[in-house]
Every structure is written in structure tokens, then in C-alpha cells.
Amino acid sequence: MSGKLVLKHVTKEYGDGQSTIKVLNDVNLEVKEGEFVAIVGPSGSGKSTFLSIAGALLSPTSGSVLLDGEEIQHFTSRQLNEIRLNKIGFIFQSANLIPYLTVRDQLLLIGKLDGEDRAEVEERADGLLNRLGLEHRKDLYPEMLSGGERQRVAIARAWMNNPEIILADEPTASLDSERGRDVVVMLAHEVKHSRKAAVMVTHDHRMLDLCDRVLFMEDGCLTPYDPAKQ
Ligand SMILES: Nc1ncnc2c1ncn2[C@@H]1O[C@H](COP(=O)(O)OP(=O)(O)OP(=O)(O)O)[C@@H](O)[C@H]1O
Ligand SMILES: [Mg+2]
């Protein structure tokens with residue numbers, strides 16, 4: 001079985017016309033379904049850039065990205081939008097909720113964008129809100145929620161379209177360690193239970209036991225993490 005998410009020889013350079021900097025240097029990764037991969041590494045090493053490329057938000061300077069066996073390099077922007085909406089669930093460090101929508105409406109919006117039947121979308125949204133313990137918060141706006149609750153809304157939203165690939169960039173950064181662990185436990189459970197492929201960038205080494213594999217990003221290079229060395 002091939003990987004759900006495959007990155008091959010991915011390089012990313014930024015240039016201002018005079019000089020270029022290489023932010024990612026020949027990075028390779030394959031994540032299989034049911035696999036939860038963590039990436040750790042110093043600030044500025046390229047972790048978020050890597051995740052953005054894996055999620056089709058940013059194109060690499062060279063190399064290829066395969067989502068569910070499909071190479072996305074030559075996709076039109078419309079095809080890329082579809083992929084982002086249907087195959088990928090993004091969870092960002094700050095939950096990135098829309099301030100003027102209630103918790104439930106944040107979820108319904110995703111279903112609407114996809115032009116689905118309203119009753120089905122509502123049923124799925126309510127099911128997810130229940131599962132993530134947000135039932136009693138569903139009519140509130142983001143500013144009325146705690147950090148942990150906001151992050152759980154972000155997870156529920158990322159799961160609305162049942163994406164095969166979950167990408168999380170420091171999902172616990174705004175949470176205390178107990179709430180942070182709850183969030184990662186939920187992610188790990190969903191990956192196993194629904195056979196998703198997930199990559200999580202984290203600074204928090206206390207979460208690593210919940211992941212199947214840990215990688216280390218340094219100066220744009222990705223290597224297996226060795227706690228004795230790093
Ligand atoms: N649009 C851009 N133009 C130029 N340089 C950029 C751009 N985006 C990112 N960089 C540079 O790429 C490098 C990697 O950034 P990235 O955000 O991937 O790091 P990171 O590992 O996620 O760091 P952190 O842990 O602080 O979030 C940084 O040196 C950053 O300045
Ligand atoms: Mg980052």
C-alpha cells in the first residue's frame with residue numbers, strides 16, 4: 001500500500017532578486033493511512049513551510065507532492081481548492097475561527113462550501129460537536145470560548161468533510177499541558193479509528209509518545225528524531 005501523503009525531494013527557496021535562501025532542502029516523507037507523524041525542530045527550521053506544501057497551500061520550488069496517490073503539481077487552482085476542501089483537514093496554532101460565526105455555523109459553513117444537503121451537514125456537525133464535548137457551546141461565538149474549546153472547534157471543523165489527511169501546526173501551543181494532551185489524544189484516536197494520515201508539528205515533547213513516528217527538522221532537512229542527540 002502506498003502512502004496517503006507523499007513528498008518527494010521537496011525544496012523551497014525564497015529569493016528577493018539578489019540572494020536566495022533555501023528553507024527546505026530535499027525533504028522526503030511518506031505517511032500511510034492510520035499513521036500519526038510528529039515533526040519537532042527549532043524555530044525557523046522550515047516546519048510550517050513544509051506543512052503548507054504538504055497541504056497544497058504553497059507550491060514547492062522543486063519536488064513533488066502526492067495526495068492519495070495523485071500528483072498535485074499540475075492541478076489548476078480550482079482542483080487545488082477542491083483537494084483542500086475534501087481531502088485535507090488543517091488545524092492551526094491559533095484556532096483561526098471566524099469571529100462572527102457561532103461554533104455550529106463554523107462547521108456548517110464547510111458543508112455549505114461543498115454544496116451538500118443541509119440536513120446531512122447539520123447532522124454531521126451536531127455529531128462532531130457532541131463527540132468533542134462542545135454541545136453546550138454550539139451557539140456561542142469564538143470570543144466566548146476558552147482556548148481549549150476553540151481548539152476543539154478547530155478540530156471539529158477540520159473533520160467536517162472527513163478528510164483523509166490531517167495537518168496540525170502546533171495545535172496545543174495556546175493550551176495548558178492537560179488540555180493540550182486531550183487535544184492530541186483526540187487527534188491520535190481519530191487517526192487510528194478512521195485510518196487517516198496525520199502530521200503534527202509540535203514544540204511539546206510530552207506529546208510525542210502519542211505519535212507513531214517522530215522526525216526532526218533542522219535547517220530545512222528532515223531526519224529521524226534521536227532524543228539522545230537532539
Ligand atoms: N514568504 C517568505 N519569504 C521569505 N522567507 C520566508 C517566507 N516564509 C518563511 N520564510 C522563512 O523560512 C524559514 C522557515 O520558516 P517556517 O515558518 O517554516 O519555520 P518554522 O520551523 O515553522 O518556525 P516556528 O517554529 O517558529 O514556527 C524562516 O527563516 C522564515 O523566515
Ligand atoms: Mg511554524
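Would segment 59-77 turn up any residue that is away from ligand 2 (no atom under 16 Å from the Cβ) and assigned to a helix (DSSP H, G or I)?
Yes, segment 59-77 contains at least one residue that is away from ligand 2 (no atom under 16 Å from the Cβ) and assigned to a helix (DSSP H, G or I).
Yes/no per residue for (1) more than 15 Å from ligand 1 (Cβ to nearest atom); (2) closer than 30 Å to ARG179 by Cα:
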{"position": "ALA54", "(1), (2)": "no, yes"}
{"position": "PRO60", "(1), (2)": "no, no"}
{"position": "ASP68", "(1), (2)": "yes, no"}
{"position": "PHE75", "(1), (2)": "yes, no"}
{"position": "ARG84", "(1), (2)": "yes, yes"}
{"position": "LEU101", "(1), (2)": "yes, yes"}
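Residue by residue through segment 25-57, note down the ones that are hydrophobic (A, V, I, L, M, F, W, C) and touching a Cys at 6+ places or on another chain (Cβ under 8 Å).
Applying the first criterion (hydrophobic (A, V, I, L, M, F, W, C)) to segment 25-57 yields 27, 29, 31, 36-40, 50-51, 53-54, 56-57.
If the condition is that a residue be hydrophobic (A, V, I, L, M, F, W, C) and touching a Cys at 6+ places or on another chain (Cβ under 8 Å), then VAL27, PHE36, VAL37, ALA38 are the ones that fit.
Is it true that some residue in segment 23-31 is in contact (Cβ under 8 Å) with a residue 40 or more places away in the chain, near ligand 1 (Cβ under 9 Å from one of its atoms) and either surrounded by fewer than 14 Cβ atoms within 10 Å (Cβ to Cβ) or under 19 Å from ALA198 (Cβ atoms) (or both)?
No: segment 23-31 contains no residue that is in contact (Cβ under 8 Å) with a residue 40 or more places away in the chain, near ligand 1 (Cβ under 9 Å from one of its atoms) and either surrounded by fewer than 14 Cβ atoms within 10 Å (Cβ to Cβ) or under 19 Å from ALA198 (Cβ atoms) (or both).
Report yes if ALA95 is part of a loop (DSSP other than H, G, I, E, B), within 16 Å of ligand 2 (Cβ to nearest atom), touching a residue at least 40 places away in the same chain (Cβ under 8 Å) and buried (at least 19 other Cβ atoms within 10 Å of the Cβ), otherwise no.
yes
If LEU85 meets every condition in (1) more than 16 Å from ligand 2 (Cβ to nearest atom); (2) part of a strand (DSSP E or B) apart from one, which number is that one?
Failing condition for LEU85: (2).
Are there any pairs with C-beta distances below 8 angstrom linking a residue in segment 43-65 that is modelled with pLDDT of 95 or more to a residue that is within 7 Å of ligand 1 (Cβ to nearest atom) and not β-branched (Val, Ile, Thr), with the two at least 6 apart or on different chains, and if so which?
SER45/MET217; GLY46/MET217; LYS47/GLY41; LYS47/MET217; PHE50/MET217
Select, from ALA156, ALA173, ALA228, the only residue that is within 16 Å of ligand 2 (Cβ to nearest atom), out of contact with any strand residue (DSSP E or B) (no Cβ under 6 Å at 6 or more places or on another chain) and small (Gly, Ala, Ser). Can you show your working first?
Numbers: ALA156 fails: within 16 Å of ligand 2 (Cβ to nearest atom); ALA228 fails: within 16 Å of ligand 2 (Cβ to nearest atom).
Only one candidate passes the filter, namely ALA173.
The values are calculated or read from the model by the stated rules, or taken from the named source; none is laboratory data. The shown structure was predicted, so the numbers you read here are calculated from the model rather than taken from an experiment. Note that we place each Cβ from the backbone using ideal geometry, even for glycine, and neighbour counts take in every protein chain shown.
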